[in-house]
Amino acid sequence: MEQFELIVHSPEETRAIARRLAERLEPGMVIALEGDLGAGKTTFTKGLAEGLGIRQNVNSPTFTIMKQYEGRLPLYHMDVYRLEDEWEDLGFDEYFAGDGVTVVEWAHLIAGQLPNERLTIHLLHHGDNERKLVFEPLGHRYEQLCKEIFAS
(Lines give C-alpha, C1' and ligand atoms only; values in the text may rest on other atoms or scores of the structure.)
Protein backbone atom coordinates (compact mmCIF):
# COMPACT_ATOMS: atom_id res chain seq x y z
CA MET A 1 0.00 0.00 0.00
CA GLU A 2 1.38 3.35 -1.06
CA GLN A 3 1.40 6.23 1.40
CA PHE A 4 1.45 9.93 0.66
CA GLU A 5 2.92 12.44 3.13
CA LEU A 6 3.24 16.17 3.49
CA ILE A 7 4.06 18.73 6.15
CA VAL A 8 1.67 21.61 6.74
CA HIS A 9 2.76 24.71 8.63
CA SER A 10 -0.57 26.15 9.77
CA PRO A 11 -4.24 25.35 10.25
CA GLU A 12 -4.94 27.24 7.00
CA GLU A 13 -2.63 24.88 5.08
CA THR A 14 -4.46 21.95 6.66
CA ARG A 15 -7.80 23.36 5.48
CA ALA A 16 -6.35 24.08 2.02
CA ILE A 17 -5.27 20.47 1.41
CA ALA A 18 -8.68 19.32 2.66
CA ARG A 19 -10.43 21.73 0.24
CA ARG A 20 -8.39 20.27 -2.65
CA LEU A 21 -9.41 16.78 -1.58
CA ALA A 22 -13.08 17.77 -1.26
CA GLU A 23 -13.21 18.98 -4.86
CA ARG A 24 -12.56 15.40 -5.99
CA LEU A 25 -14.78 13.50 -3.56
CA GLU A 26 -17.66 11.38 -4.78
CA PRO A 27 -20.77 9.94 -3.10
CA GLY A 28 -20.04 7.04 -0.78
CA MET A 29 -16.43 7.99 -0.05
CA VAL A 30 -15.20 7.47 3.51
CA ILE A 31 -12.37 9.36 5.18
CA ALA A 32 -11.02 8.05 8.48
CA LEU A 33 -9.14 10.67 10.51
CA GLU A 34 -6.61 9.68 13.16
CA GLY A 35 -4.51 11.86 15.43
CA ASP A 36 -4.04 12.98 19.00
CA LEU A 37 -6.20 15.66 20.60
CA GLY A 38 -5.42 18.98 18.95
CA ALA A 39 -3.75 17.40 15.90
CA GLY A 40 -6.18 19.04 13.48
CA LYS A 41 -8.90 16.47 12.72
CA THR A 42 -11.73 18.98 13.02
CA THR A 43 -9.69 21.63 11.19
CA PHE A 44 -9.25 19.16 8.33
CA THR A 45 -12.99 18.46 8.34
CA LYS A 46 -13.71 22.21 8.19
CA GLY A 47 -11.58 22.38 5.05
CA LEU A 48 -13.51 19.47 3.53
CA ALA A 49 -16.76 21.28 4.29
CA GLU A 50 -15.46 24.46 2.63
CA GLY A 51 -14.44 22.45 -0.44
CA LEU A 52 -17.92 20.92 -0.59
CA GLY A 53 -19.50 24.37 -0.50
CA ILE A 54 -20.90 24.02 3.00
CA ARG A 55 -21.58 27.38 4.60
CA GLN A 56 -22.54 26.18 8.09
CA ASN A 57 -20.09 26.35 10.97
CA VAL A 58 -18.51 22.91 11.32
CA ASN A 59 -17.50 21.74 14.78
CA SER A 60 -16.75 18.41 16.37
CA PRO A 61 -19.81 16.29 17.10
CA THR A 62 -18.16 14.84 20.22
CA PHE A 63 -21.35 14.66 22.27
CA THR A 64 -23.78 13.86 19.43
CA ILE A 65 -21.52 11.39 17.55
CA MET A 66 -22.71 12.58 14.12
CA LYS A 67 -23.64 15.83 12.39
CA GLN A 68 -24.84 16.23 8.83
CA TYR A 69 -24.10 19.23 6.62
CA GLU A 70 -25.46 20.01 3.15
CA GLY A 71 -23.25 21.12 0.27
CA ARG A 72 -22.33 19.83 -3.19
CA LEU A 73 -22.52 16.46 -1.44
CA PRO A 74 -23.86 15.80 2.05
CA LEU A 75 -21.09 15.61 4.65
CA TYR A 76 -21.60 13.13 7.48
CA HIS A 77 -19.17 14.15 10.23
CA MET A 78 -18.72 11.54 12.94
CA ASP A 79 -16.68 11.71 16.12
CA VAL A 80 -16.67 8.30 17.80
CA TYR A 81 -14.28 9.22 20.63
CA ARG A 82 -16.94 8.76 23.33
CA LEU A 83 -18.51 5.63 21.87
CA GLU A 84 -18.36 2.88 24.47
CA ASP A 85 -19.14 -0.10 22.26
CA GLU A 86 -17.55 -0.42 18.80
CA TRP A 87 -20.44 -2.59 17.67
CA GLU A 88 -23.26 -0.39 18.93
CA ASP A 89 -25.80 -0.30 16.11
CA LEU A 90 -25.91 3.35 15.12
CA GLY A 91 -26.43 2.75 11.41
CA PHE A 92 -22.90 3.71 10.35
CA ASP A 93 -23.11 1.44 7.29
CA GLU A 94 -26.05 3.47 5.95
CA TYR A 95 -23.89 6.58 5.94
CA PHE A 96 -20.83 4.79 4.53
CA ALA A 97 -22.91 3.60 1.56
CA GLY A 98 -24.96 6.78 1.33
CA ASP A 99 -25.10 9.63 -1.14
CA GLY A 100 -22.60 11.79 0.74
CA VAL A 101 -19.08 11.79 2.10
CA THR A 102 -18.42 10.36 5.56
CA VAL A 103 -15.63 11.65 7.79
CA VAL A 104 -14.90 9.68 10.96
CA GLU A 105 -12.70 11.17 13.69
CA TRP A 106 -11.02 8.55 15.92
CA ALA A 107 -11.95 5.95 13.30
CA HIS A 108 -9.84 3.17 14.85
CA LEU A 109 -12.45 2.96 17.62
CA ILE A 110 -14.94 1.48 15.13
CA ALA A 111 -12.39 -0.29 12.91
CA GLY A 112 -14.59 -3.37 12.53
CA GLN A 113 -17.44 -1.30 11.08
CA LEU A 114 -15.39 0.71 8.59
CA PRO A 115 -15.61 -0.21 4.91
CA ASN A 116 -12.62 -2.09 3.51
CA GLU A 117 -12.05 0.69 0.97
CA ARG A 118 -11.45 4.12 2.46
CA LEU A 119 -8.89 6.86 2.88
CA THR A 120 -7.22 7.01 6.28
CA ILE A 121 -5.42 10.25 7.12
CA HIS A 122 -3.10 10.46 10.12
CA LEU A 123 -2.52 13.97 11.47
CA LEU A 124 0.66 13.98 13.53
CA HIS A 125 2.20 16.76 15.61
CA HIS A 126 5.44 17.84 13.91
CA GLY A 127 6.97 20.68 15.87
CA ASP A 128 4.98 23.44 17.55
CA ASN A 129 2.69 24.50 14.70
CA GLU A 130 3.45 21.99 11.98
CA ARG A 131 1.60 18.79 11.25
CA LYS A 132 2.61 15.77 9.23
CA LEU A 133 -0.30 14.42 7.20
CA VAL A 134 -0.01 10.78 6.15
CA PHE A 135 -2.58 9.60 3.60
CA GLU A 136 -3.19 5.83 3.45
CA PRO A 137 -5.53 4.92 0.59
CA LEU A 138 -7.26 1.54 0.77
CA GLY A 139 -8.70 0.69 -2.64
CA HIS A 140 -8.04 1.77 -6.21
CA ARG A 141 -10.32 4.80 -6.24
CA TYR A 142 -8.65 6.19 -3.11
CA GLU A 143 -5.18 5.55 -4.55
CA GLN A 144 -6.17 7.48 -7.67
CA LEU A 145 -7.60 10.25 -5.52
CA CYS A 146 -4.31 10.62 -3.61
CA LYS A 147 -2.26 10.60 -6.80
CA GLU A 148 -4.42 13.43 -8.18
CA ILE A 149 -4.14 15.46 -4.97
CA PHE A 150 -0.39 15.05 -4.68
CA ALA A 151 0.25 15.68 -8.38
CA SER A 152 -1.38 19.14 -8.28
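The values are calculated or read from the model by the stated rules, or taken from the named source; none is laboratory data. Keep in mind that this is a model prediction, so the values were computed, not measured. Heads up, the Cβs are rebuilt from the backbone with ideal geometry, glycines too, and the neighbour counts pull from every protein chain shown. In case anyone asks, the SASA skips ligands and DNA or RNA and just uses the protein heavy atoms, side chains included. Shrake-Rupley method; radii C 1.70, N 1.55, O 1.52, S 1.80 Å.
Within the shell of other residues whose beta carbon sits under 15 angstrom from the beta carbon of residue 9, the net charge comes to -2, with Lys and Arg scored +1 and Asp and Glu -1. For region 25-76, pairs of C-alpha atoms spaced more than 14 angstrom apart make up 53 percent of the total. Surface composition of the chain: carbon plus sulfur atoms contribute 46% of the solvent-accessible area (1.4 Å probe, protein chains only, all chains present). Multiplying each eigenvalue of the alpha-carbon gyration tensor of region 94-152 by 5 and taking the square root yields semi-axes of 22, 17, 10 Å, largest first, rounded to whole angstroms.
In this calculation the C-beta distance from residue 3 to residue 152 is compared with R0 = 25 Å, giving a FRET efficiency of 0.90. For residue 1, the solvent-accessible surface computed with a 1.4 Å probe is close to 140 Å², ligands and nucleic acids excluded.
Take every DSSP beta bridge with both residues inside the chain and express the antiparallel ones as a percent of the total, to the nearest 5.
Of the beta bridges lying entirely in the chain, close to 55 percent run antiparallel.
Accessible surface area normalised per residue over region 98-147 is 43 Å², counting heavy atoms of protein chains with a 1.4 Å rolling probe. The calculated 222 nm mean residue ellipticity attributable to helices in the chain amounts to -7500 deg cm²/dmol, summing -39500 (n - 2.57) over DSSP H runs of n ≥ 4 and dividing by all residues.
Taking every lysine pair in the chain that is 8 or more places apart or spans two chains, those with Cα atoms closer than 21 Å amount to 5. The Rg/Rh ratio for the chain is 0.93, where Rg is the radius of gyration of the alpha carbons and Rh is the Kirkwood radius.
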